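Single-structure report; data block below.
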Amino acid sequence: MENPLGPLTPAERREQAFQIRVQTASAYRTTPIPAQRDNNDEERFPNRIGSFSKGLPHNERGEVDLNAYQSLLNALNSGQPQAFENIPLGGGSNPRRLVNPQSGLAYDTQGADPRSFSIPPAPRFDSAEEAAEIVENYWMALLRDVPFDEYETHPLAQGAAEELSNLKSFQGPKKMGKVTPQTLFRDRLPGVLRGPYISQFLLKPVPFGAQGYSQVMRTILPDKNFMTDFNEWLAVQRGQMRDFQASDFDPTLVYIRNGRDLSQWVHIDVLFQAYFNACLILLAGPNSPSAVGGGIGGQFDAGNPYIRSVTQDGFGTLGGPFYIGLLTEVATRALKAVWFQKWYVHRRLRPEAFGGRIHVVKTGMANYPINEQALNSMAVDKTFQRYNTYLLPQAFPEGSPIHPAYGAGHATVAGACVTILKALFDESMPIANPVQVDLSANGTNLKNYVSSESLTVGGELNKLASNVATGRNIAGVHWRSDGVESLLLGEQVAISVLRDYKLTYNELFEGWNLTTFSGQQIIV
C-alpha cells in the first residue's frame, strides 16, 4: 500500500532542513556587528558609585569593596564558570546570590545571536537626564497609593507633572510641551496615551479552556514602603534578604488600581503571563464557553494564509496552538539578549542605589557629582518630610533583584512578546466593550469605559508592554530609560525570530504585518 511522505524523500528532507539552518546562520554571519557602548561611568568613577554592585560587600557609606568588584569583572572577562564561584558576596551567612551572569554568554539556535543586539548607553550618573529619571522615580513612590484614574484631580499628581515639566532633560511624553497628569508615568508608544492607564489585557477576564479566571489580584496594603532607613538600605545593598510579612497583604482581591497594585503584579508575575493572558483573550470569541465567558475574538493578521483558505484552518502552523507556542518561545531568547547587556556591557546601578547616593550627599556623609536637579527636587524633599530620609522608598522589602538595571528583563520580554502578538493579530481592530476599574467599589469590580475615542488591539498591546515595564519603575527597581530601550531590544529579538520562522512554512506566506513601537508599519 502506498504510504506517501510528502514531496521529498527522507534524504532530501534532511538536506533541505540543513540548508534552511545554513541560510539563516549565514545571513546573521554577514550582519554588521553592532558597537557595544556603555556610558563610561565605571571608568569615570573609580569608586564605582555609578555602577551596579548590589550583593557585594560595601562600606558604611554604601560604596562597594573594590576587590570584590574586581573579582566580578574578572569573572565576566574570563567567562570561566569557577571564576563566578569565587566572587565574594556581602550578605552574611545566607546572602542573596547574583542572578545568572553566565546567561549573557549563552548562545541560541533560532533568531539572531543574543550578542548581535545593542542598546544605546544609559544616561550618565552625573547627567541631567539621570537626575530627571530619579526625580520621576521619587514621584512614582510618593504616588503609589493614588489610583491612576484620580491623577487628573490629585494635587500630588499635579505637582509631579509640574516638576517633571520643568526638567528639560525629562524624556517622558508631554502635551503641548508639558507633562500633564494624563501623560504622567506613560510612554510615547502608539495608543498608550489613550484611555485608562491600565491596558484592557490586564483587566478583562481570561478564557482559559473550560475554566478561565478574572484578573483580580492579591495586593499589598497602602503605605507599605521599604528601605527608608539607612541601615536597612545598607543591609539590602550588601545582599541581606528581606521579605513581606503576612500582615503586609490586603485580604481583599482587587483589579490593578494604582502603582502599589501594579508594582506587586510585576513583582511575582510569571515570565510571559501578561502576554499569554492577552493571547487567550484574543483567541477566544465573545461566545466562548469558558467559565468566565468570552474573549474579544481577535482577528488574525492579514498575512495569515488561512484567512483566505476555503478548506483548511491553521493549527501547528499559523493557528492557535502555534500562536501560544511562539509567544512563550520568544521570552527566553529575549532574556539572553538583555542579560548580555546587563552584565557584560552596562552594569548600571539600580535607582535604589542612586537614592542612597542622594541620601549620603544630602546628609553630608560624602560628596558625589549628582546633578543639582535631583538634589534640589521637590519630590526628594517631600520624601524626606514623609520618612525623615532621602532614600528612594521601595515597593519590595528586598528592593531590586541582584542583577544590573540596564536593560530591563521585564521590559525586554514585554517588547518581544507584544511584538509577536502584534504580528499575529490585526492591530487595527477596535476592542468592544472596554472597561476600567470601578473605584467606587474600591477596585473589586470593573465598569464600562465610556468615551468617543476607540481603543484598538494594537494600542492596548502597546499599553500592556508599557504597563509591565513602567510597573517596575513605579516599584523603584528600574529607570525610565531601562524600560524604553528594553522594549525596543525585545522588539528586535522578536523580529529576528519571526524572520527565521518565515523560511520554515509550506504555506504560501508572504510575512507578518506589524506596527513597531516607533509607529512604523513593516512586513516581516
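Net charge of the neighbourhood of Arg257, taken over other residues with C-beta under 13 Å away and scored Lys/Arg +1, Asp/Glu -1, is -3.
Selection among Gly50, Gly62, Pro88 by position relative to the dipole of the range 1-92 gives Gly50 as farthest towards the positive end (Cβ unit charges, Cα centre). Entry comment: accessible area of the range 256-365 is 34 Å² per residue, from protein heavy atoms only and a probe of 1.4 Å.
In a reduced charge model with +1 at each Lys and Arg Cβ and -1 at each Asp and Glu Cβ, the range 354-480 shows a dipole moment near 380 debye about its Cα centre.
The accessible surface of the range 434-524, taken with every protein chain in place and a 1.4 Å probe, is 46 percent carbon and sulfur.
Solvent-accessible area of His154, all protein chains in place: 60 Å² (probe radius 1.4 Å, heavy atoms, ligands and nucleic acids excluded). According to the calculation over all Cα-Cα pairs in the chain, the P(r) per 10 Å bin from zero is 4, 18, 28, 25, 16, 7, 2, 0, 0 %. For the range 68-213, pairs of C-alpha atoms spaced more than 23 angstrom apart make up 62 percent of the total. The accessible area of Val484, taken with all protein chains in place and a 1.4 Å probe, comes to roughly 60 Å². Divided by 2.2 N^0.38 Å, where N counts the residues, the Cα radius of gyration of the range 165-205 comes to 1.32. Computed over the Cα atoms of the range 387-524, pair by distinct pair, the Kirkwood hydrodynamic radius stands at 17.3 angstrom.
Shape of the range 184-313 from the C-alpha gyration tensor: prolate (a/c of 1.5 or more and a/b above b/c, with a ≥ b ≥ c the square roots of its eigenvalues). Placing unit charges on the Cβ atoms only, positive for Lys and Arg and negative for Asp and Glu, gives the range 115-231 a dipole magnitude near 580 debye about its Cα centre. Rounded to a whole number, what % of the accessible area of the range 1-98 do carbon and sulfur atoms account for, probe 1.4 Å? Summing carbon and sulfur atoms, their accessible area is 50 percent of the total for the range 1-98. Surface exposure of the range 77-166, expressed per residue as accessible area with a 1.4 Å probe, stands at 45 Å². Working from label points 7 Å from Cα in the Cα-to-Cβ sense, the Glu372 to Thr516 distance is 3.9 nm.
Kirkwood-type hydrodynamic radius, the range 1-112: 18.6 Å, calculated from all non-identical alpha-carbon pairs. If the segment from Thr31 to Leu271 were pulled out straight at 0.36 nm per residue, it would be longer than the present Cα-Cα gap by 83.4 nm. The ellipsoid that matches the Cα gyration tensor of the range 253-392 has semi-axes, each √(5λ) in whole angstrom, of 48, 21, 12, with the longest given first.
Straight-line cross-link reach from Lys362 at under 17 Å between alpha-carbon atoms covers these lysines, not counting any fewer than eight positions away in the same chain: Lys382.
Rounded, prolate or oblate for the range 342-443? Axes are the square roots of the Cα gyration tensor eigenvalues, ordered a ≥ b ≥ c, and the cut-off for rounded is a/c under 1.5. Cα axes put the range 342-443 in the oblate bin. Taking the DSSP beta bridges in the chain as the whole, what percent of them are antiparallel, to the nearest 5? The antiparallel fraction comes to roughly 95 percent. Take the range 410-524 with all the other protein chains still there, run a 1.4 Å probe, and you get 34 Å² of accessible area per residue. If R0 is taken as 45 Å, the Cβ-Cβ distance between Ser169 and Val310 corresponds to a FRET efficiency of 0.20. Expressed as a whole percent, the accessible area of the range 195-235 that falls on carbon and sulfur atoms is 52 (1.4 Å probe). Can you show me the helix-derived [θ] at 222 nm for the chain, built from DSSP H runs with n ≥ 4 at -39,500 (n - 2.57) apiece and divided by the number of residues, rounded to the nearest 500. That calculation yields -12000 deg cm²/dmol at 222 nm.
The values are calculated or read from the model by the stated rules, or taken from the named source; none is laboratory data. Here the structure is a predicted model, which is why all the values come from computation and not from measurement. Quick reminder, even Gly has a Cβ in these numbers, built from the backbone with ideal geometry, and neighbours come from all protein chains shown. Only protein heavy atoms, including side chains, enter the accessible area calculation; ligands, DNA and RNA are left aside. Shrake-Rupley method; radii C 1.70, N 1.55, O 1.52, S 1.80 Å.
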